[in-house]
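Visitor: Below are the structure tokens for one structure; questions will follow.
The values are calculated or read from the model by the stated rules, or taken from the named source; none is laboratory data. Here the structure is a predicted model, which means the values were calculated and not measured. Counting neighbours? That spans all protein chains shown, and the Cβs are built from the backbone with ideal geometry, glycine included. When the accessible area is computed, the model is the full protein with side chains, heavy atoms only, and any ligands, DNA or RNA have been set aside. Shrake-Rupley method; radii C 1.70, N 1.55, O 1.52, S 1.80 Å.
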Amino acid sequence: MSYTKRIIPCLDIDDGRVVKGVNFVDIKDAGDPVEVAKKYDLMGADELVFLDITATHQDRKTIVNTVENVANEVFIPLTVGGGVSGYNDVLTLLKAGADKVAINSAAVENPDLINEVTSKIGSQCIVAAIDAKFTSDGIWKVFTHGGRKETGIDALEWAKELNDRGAGELLITSMDRDGTKDGFDNNLLKAISSEVTIPVIASGGAGTLKHMLDAVKLGMADAVLAASIFHYEIFSIEEVKEYLKNEGVSVRI
Amino acid sequence: MSKISVIDYGMGNIHSVAKALQKVCGKEHKVVISNSIKEIKSSDKIVFPGQGAARLCMDNLRNKFNLVEFRELISQKPFLGICMGLQILMTFSEEDNTECLDIFNGRVEQIQSSNGQIKLPHMGWSKVNFTKDHSLRDQIGNDSFFYFVHSYYVSTPSREDIMSFTEYGCKFISSLQKDNILAVQFHPEKSSTAGLKLLSNFINWRV
């Protein structure tokens, strides 16, 4: 079967610049989203995720301009997230050239937003993002606002609800693993993936090639997202894909 | 300077499509996004991207255009349908039991999820196996990867119209071609080098 697992680099964008990036030897400006996006496309990235981490949200124009510039030059699917609060934000980003928009806290505050957006412009445009943390109750719970706010919502139930409300795919970030390089939370991923019909993107914890394989095999993820291992060139996208291919996972090479 | 119209009927990622076309056209051609039948008629080539549900798509088309006139338009000049822009060219879609434009003889059916073994929508990169030789696939390797997002696929008894197949759960038709029409299930505008090549071949296509 030619169903391939997707490898997705995530770029943090602050005020129109890529942050946490290191210099790839052959690009002039590691902070330029267009140059970095082009580089990832050439390396074989299957999609790109741009996360707007600008602390001040008074001016959303910067990320819109960034998306527009990237979409003029790079022709692989582009997902944009971070601070998306309503239908108009989604439309503005799609109009700028984003293919999908990730919604996180806004969906928890107003779940009908998912139905509203997907019924008007289609499920394929909406990536529902969940930040989940294992709690002392023995279940994973949903956190919002960049992980600062505990909602008390059961992450597994929330994933099913987002699926039923029409989300096109789920981006699942384990807050226990994010930034640790200890590997993805495969129990969380598997629990969600076996309960939903839409694709699941694994996020949080990538540190080794084996971690990527485990997310796909044990976590049953359809796509794997990583930031620092690509930015700091611990592995290239080619290396990840070669490794997965040798382990029997279908990838686009 | 020739003109390429991207049909705007209120849905779909028309901006991505227009950007990709402009990229491959360079300055020799003008890409316009339009819902004016007059403007579309005056263009040299027509691109029809589609997203969303079949019935909604047909309703939107009916609201914006006269369907008889629209069908004539499709038959006159090089026409590229993308994703839902392929599906509504068929006779009938099982999605909400929708009567479609009947440009190609055939139906649109849902991909079977095989008891949850197959995720829907089919979202990601899959190989396109071309079964027809055509200038539209010049310099595109057979079994090149293209990006897909869909839950339904087309079927037709007219074997001669089939341009390629792809596998996802089952083997399905991923593009159709006849006369002046090319229609693809995948998104060339999001398929990196292979996708841009296909768009460029379409731009250079002389019917």
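Visitor: Would you look at the GNM of chain B, springs on alpha carbons closer than 10 Å, and say which of B:Gly26, B:Gly195, B:Gly124 moves the most?
Guide: B:Gly26
Visitor: Something else: Please compute the alpha carbon radius of gyration of region A:175-253, then divide it by the globular-protein estimate 2.2 N^0.38 Å. Two decimals is fine.
Guide: 1.03
Visitor: Would you look at the GNM of chain A, springs on alpha carbons closer than 10 Å, and say which of A:Met220, A:Met43, A:Met175 moves the most?
Guide: A:Met43
Visitor: On to the next question. Need one value for A:93-101: mean number of C-beta atoms belonging to other chains within 10 Å of its residues' C-beta atoms.
Guide: 3
Visitor: Now a separate question. Quick one: among A:Asn88, A:Asn104, A:Asn69, which has the greatest mean-square fluctuation in a GNM of chain A with alpha-carbon springs under 10 angstrom?
Guide: A:Asn88
Visitor: Work out, in µm²/s and without decimals, the Stokes-Einstein translational diffusion coefficient of chain B at 37 °C, 0.692 mPa s, Rh from Kirkwood over C-alpha pairs.
Guide: The calculation lands on 194 µm²/s.
Visitor: Let me know the mean shielding of B:124-131 by other chains, meaning the per-residue number of their Cβ atoms within 10 Å of its Cβ.
Guide: 5
Visitor: For a quick check of your reading of the filter: which GluC sites (Glu not before Pro) in region B:62-163 sit in a DSSP loop and have no more than 14 other Cβ atoms within 10 Å?
Guide: Those satisfying the criteria are B:Glu94.
Visitor: Could you tell me which trypsin sites (Lys or Arg not before Pro) in region A:97-156 are loop residues by DSSP with no more than 15 other beta carbons within 10 angstrom of their beta carbon?
Guide: Passing sites in region A:97-156 are A:Arg148.
Visitor: Just checking the output field for A:69-79: average partner chain Cβ neighbours within 10 Å of each residue's Cβ?
Guide: 5
Visitor: Collect residues whose amide H, placed 1.01 Å from N in the peptide plane, falls under 5 Å from the amide H of A:Leu171; neighbours closer than 5 in sequence don't count.
Guide: Result for A:Leu171 returns A:Ala128, A:Ala129, A:Ile130, A:Ile201.
Visitor: If you don't mind, another one. Out of the DSSP beta bridges found with both residues in region B:2-203, what percent are antiparallel (nearest 5)?
Guide: 55
Visitor: For chain B, which whole percent of the accessible surface, found with a 1.4 angstrom probe, sits on carbon and sulfur atoms?
Guide: 42
Visitor: If the only charges are +1 at each Lys and Arg Cβ and -1 at each Asp and Glu Cβ, what is the size of the charge dipole of the protein assembly as shown around the Cα centre, to the nearest 20 debye?
Guide: Computed charge dipole of the protein assembly as shown: roughly 1100 debye.
Visitor: Another one. Could you tally the net charge around B:Val207, taking each other residue with its Cβ under 9 Å from the Cβ of B:Val207, Lys/Arg +1 and Asp/Glu -1?
Guide: Result for the neighbourhood of B:Val207: +1.
Visitor: Also, quick follow-up: So for the protein assembly as shown: antiparallel DSSP bridges make up what percent, rounded to the nearest 5?
Guide: 40
Visitor: Can you list residues from other chains, or at least 5 along the same chain, whose modelled amide H is less than 5 Å from the amide H of B:Tyr152?
Guide: B:Ile111
Visitor: Assuming R0 = 22 Å, what is the FRET efficiency of B:Lys132 and B:Asn204, from their Cβ-Cβ distance, to the nearest 0.05?
Guide: Approximately 0.80, to the nearest 0.05.
Visitor: Could I ask something else about it? Taking Cα centroids, how far is region B:121-183 from region A:94-138 in Å?
Guide: What the calculation gives is 31 Å, centre to centre.
Visitor: If you don't mind, another one. Can you pull out the trypsin sites (Lys or Arg not before Pro) in region B:1-94 that DSSP calls coil and that have at most 10 other Cβ atoms within 10 Å?
Guide: Taking region B:1-94 and a limit of 10 other Cβ atoms within 10 Å, the loop trypsin sites (Lys or Arg not before Pro) found are B:Lys27.
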